[in-house]
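The values are calculated or read from the model by the stated rules, or taken from the named source; none is laboratory data. Since the structure is predicted, the reported quantities are computational estimates derived from the model, not experimental observations. Backbone-built Cβ (ideal geometry, glycine too); neighbour counts: all protein chains shown.
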Amino acid sequence: MSRPALHPRQDIKLKGFKMTDTLCQLSDGIKNMLGIDEVDLDRPLSQIGVDSLNVVEMIIICQQVYTNILDYDAINIDENTTVREIDSQMNSLMPLPA
């Protein structure tokens, strides 16, 4: 069963805590990229299996999830960045809805 499309920044409940749909989409993209079932949103990328070979895929996932960002160069991601931190950075770069 596929998940219905949600409006960006819409909040949903997942496993007892509040999560934005962009965070869900980013997490799903990373799970698909790595071929795993679960992603700990608060563990560094290096600890969940993301390596330098996955960088281009990560950029593509971010561009698909966060479509309104104009300056992807402003993103600061390294091996110690968590998935939740990426989502926070990306959402802070998105223009607010009018």
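Can you find even one residue in the stretch 21-28 that is over 10 Å from the mean Cα position of the chain (by Cα) and among the hydroxyl-bearing types (S, T, Y)? Write out each step before concluding.
Let us first name the residues in the stretch 21-28 that are over 10 Å from the mean Cα position of the chain (by Cα), namely none.
The answer is no; no qualifying residue exists.
Output the qualifying pairs, or none if there are none: Cβ atoms under 6 angstrom, residues six or more apart or on different chains, first residue in the stretch 51-68 and part of a helix (DSSP H, G or I), second residue among the small types (G, A, S). That search, which allows pairs on different chains as well, returns I61/G29.
Name, by its number, the condition in (1) at pLDDT 90 or above; (2) surrounded by 11 or more Cβ atoms within 10 Å (Cβ to Cβ) that does not hold for T20. Only one criterion in (1) at pLDDT 90 or above; (2) surrounded by 11 or more Cβ atoms within 10 Å (Cβ to Cβ) is unmet by T20, namely (1). Screening the candidates D87, D73 for the property of being part of a helix (DSSP H, G or I) and farther than 22 Å from N32 by Cα yields one hit, D73.
Return yes or no: is I75 buried (at least 19 other Cβ atoms within 10 Å of the Cβ) and among the aliphatic types (A, V, I, L, M)?
Details: buried (at least 19 other Cβ atoms within 10 Å of the Cβ): no; among the aliphatic types (A, V, I, L, M): yes.
For I75, the condition - buried (at least 19 other Cβ atoms within 10 Å of the Cβ) and among the aliphatic types (A, V, I, L, M) - is not met.
Among the numbered conditions (1) at pLDDT below 95; (2) assigned to a helix (DSSP H, G or I); (3) surrounded by fewer than 17 Cβ atoms within 10 Å (Cβ to Cβ); (4) not aliphatic (A, V, I, L, M), the only one that R9 does not meet is (2). Screening D73 on (1) closer than 24 Å to L96 by Cα; (2) acidic (D, E); (3) at pLDDT 95 or above shows it passes everything except condition (3).
Exactly one residue among N91, N80 is in contact with a strand residue (DSSP E or B) (Cβ under 9 Å, 6 or more places away or on another chain), over 17 Å from T22 (Cα atoms) and either in contact (Cβ under 8 Å) with a residue 24 or more places away in the chain or surrounded by 16 or more Cβ atoms within 10 Å (Cβ to Cβ) (or both), and that residue is N80.
Within the stretch 26-72, the set of residues being surrounded by 13 or more Cβ atoms within 10 Å (Cβ to Cβ) and at positive phi comprises just one member, G49.
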